[in-house]
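> Below you will find the structure I want to go over with you.
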Amino acid sequence: MTVYREVAQALRNARRAVAFTGAGASTASGLPDFRSSRGLWRQFPEALASRETLEHALEERYEEMRAFYLWRLENLKKVEPNPVHRILARWEGEGLLQGVITQNVDGLHQRAGSRRVLPLHGDLGSVRCHRCGRRYPPEALEKGPCPACGGRLRPNVVLFGEELPRDVWDEALTLTLQADLMLVVGSSLEVYPAASLPRLAAQAGKLIIINREPTPLDTQAFRALHQDAVEALQAIDKELLRMPPSS
Ligand SMILES: [Zn+2]
């Protein structure tokens, strides 16, 4: 039996499977990841995404941060969901997945049709005032500051030095604790606290990891596939289509 068939079988047999995705799920859409050799944090200083800069930097540094996020928003307009997003959305629709927990802020799972998406690190496609919390459409970041209070505008993502949104985290944790299978796609599983969810899932049930590079949780996984996410998901999907529907 091929590893794809084994994974397909495990998915089919699971009662409450959940997906967990990272930057590697979106690279096929043309978005850069963060920590590989061509990743975003090899090209830009992490200070562009820190609460420290937002709260304490002089105007010039804050302007760099604003330009960085405007550039990323601009990139987001040019990309489309790829087969990874589409297959995961379809599996959810077929009842094979309960939902998607994601480290990504690009909104591509939602655009592909996934209904239950838990974006642990927020959503790049919305903007809020850091001082008063008012929400604005992404275009507001071009103008800034906050028309209501004069505060600095920011993307609605989790910056370095900030905590994860409580409500999203709680729901993701519940989903993880109930899961008998977690399918990790395109995450190096090195960023915490997000990576503590697959760690928990491995203790409670089966963990399946699809990532180009080895991860620290590979030894705890039922299967770890070191390959391209699109290729792997398409191969698993093909096996699922060959199987008789579960009763
Ligand atoms: Zn404000």
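> Take the conditions of a type in the set (A, V, I, L, M), in contact (Cβ under 8 Å) with a residue 40 or more places away in the chain and under 18 Å from residue 10 (Cα atoms) and apply them to residue 204. Does it pass? Steps first, answer last, please.
On the way: of a type in the set (A, V, I, L, M): yes; in contact (Cβ under 8 Å) with a residue 40 or more places away in the chain: no; under 18 Å from residue 10 (Cα atoms): yes.
It is false that residue 204 is of a type in the set (A, V, I, L, M), in contact (Cβ under 8 Å) with a residue 40 or more places away in the chain and under 18 Å from residue 10 (Cα atoms).
> Across segment 123-156, what is the total count of residues that are more than 16 Å from residue 70 (Cα to Cα) and either more than 9 Å from the ligand (Cβ to nearest atom) or of a type in the set (S, T, N, Q) (or both)?
1
> Given 189, 183, which one is buried (at least 17 other Cβ atoms within 10 Å of the Cβ) and in a loop (DSSP other than H, G, I, E, B)? If you could, list the steps in order and put the result at the bottom.
Details: 183 fails: in a loop (DSSP other than H, G, I, E, B).
Testing whether each residue is buried (at least 17 other Cβ atoms within 10 Å of the Cβ) and in a loop (DSSP other than H, G, I, E, B) leaves just 189.
> Scan segment 138-166 for residues that are under 29 Å from residue 92 (Cα atoms) and either of a type in the set (Val, Ile, Thr) or in contact (Cβ under 8 Å) with a residue 12 or more places away in the chain (or both) and jot them down.
Taking segment 138-166 and keeping what is under 29 Å from residue 92 (Cα atoms), we get 138, 155-158, 163-166.
Within segment 138-166, 138, 155, 156, 157, 158, 164, 165 meet the criteria.
> Would it be correct to say that residue 190 is assigned by TED's automatic domain parsing to the domain that holds residue 7 and either in contact (Cβ under 8 Å) with a residue 12 or more places away in the chain or within 16 Å of the ligand (Cβ to nearest atom) (or both)? Spell out how you get there, then give the answer.
On the way: assigned by TED's automatic domain parsing to the domain that holds residue 7: yes; either in contact (Cβ under 8 Å) with a residue 12 or more places away in the chain or within 16 Å of the ligand (Cβ to nearest atom) (or both): yes.
Yes: the conditions hold for residue 190.
> Here's something else I'd like to know. With a cut-off of at least 1 residues that are out of contact with any helix residue (DSSP H, G or I) (no Cβ under 9 Å at 6 or more places or on another chain) and at pLDDT 90 or above, name the helices (runs of 4 or more DSSP H) lying wholly within segment 1-56.
On the way: elements: 3-13, 40-43, 51-56.
Helices (runs of 4 or more DSSP H) meeting the threshold: 3-13, 51-56.
> Please determine whether any residue of segment 160-180 is of a type outside the set (Phe, Trp, Tyr) and within 22 Å of residue 79 (Cα to Cα).
To start, the set of residues in segment 160-180 that are of a type outside the set (Phe, Trp, Tyr) comprises 161-168, 170-180.
Restricting the remaining residues to those that are within 22 Å of residue 79 (Cα to Cα) gives none.
No: segment 160-180 contains no residue that is of a type outside the set (Phe, Trp, Tyr) and within 22 Å of residue 79 (Cα to Cα).
> Right, something else. All but one of (1) of a type outside the set (Ser, Thr, Tyr); (2) without any contact (Cβ under 8 Å) to a residue 60 or more places away in the chain; (3) over 21 Å from residue 166 (Cα atoms); (4) open to solvent by 20 Å² or more (accessible area, probe 1.4 Å) hold for residue 135; state the number of the condition that does not hold.
Going through the list (1) of a type outside the set (Ser, Thr, Tyr); (2) without any contact (Cβ under 8 Å) to a residue 60 or more places away in the chain; (3) over 21 Å from residue 166 (Cα atoms); (4) open to solvent by 20 Å² or more (accessible area, probe 1.4 Å), residue 135 breaks only (3).
> Ok, one more. Which is touching an Asp or Glu at 6+ places or on another chain (Cβ under 8 Å), in the same structural domain as residue 174 (by TED's automatic domain parsing) and open to solvent by 10 Å² or more (accessible area, probe 1.4 Å), of 86, 115, 51?
Working: 86 fails: touching an Asp or Glu at 6+ places or on another chain (Cβ under 8 Å); 51 fails: in the same structural domain as residue 174 (by TED's automatic domain parsing).
None of the others qualify; the one that does is 115.
> For segment 62-91, enumerate the residues that are within 16 Å of the chain's Cα centre (by Cα) and modelled with pLDDT of 95 or more.
79, 80, 81, 82, 83, 84, 85, 86, 87, 88, 89, listed by residue number.
> Follow-up. Just checking, which of 99, 151 is touching a Lys or Arg at 6+ places or on another chain (Cβ under 6 Å), open to solvent by less than 10 Å² (accessible area, probe 1.4 Å) and either assigned by TED's automatic domain parsing to the domain that holds residue 52 or charged (D, E, K, R) (or both)?
Numbers: 99 fails: either assigned by TED's automatic domain parsing to the domain that holds residue 52 or charged (D, E, K, R) (or both).
Matching residue, one of 99, 151: 151.
The values are calculated or read from the model by the stated rules, or taken from the named source; none is laboratory data. Since the model is a prediction, treat every value here as computed from it, not as a measurement. Every residue, glycine among them, receives a Cβ derived from its backbone with ideal geometry; neighbour counts consider all protein chains shown. Surface areas here come from the heavy atoms of the whole protein model, side chains and all, with no ligands, DNA or RNA. Shrake-Rupley method; radii C 1.70, N 1.55, O 1.52, S 1.80 Å.
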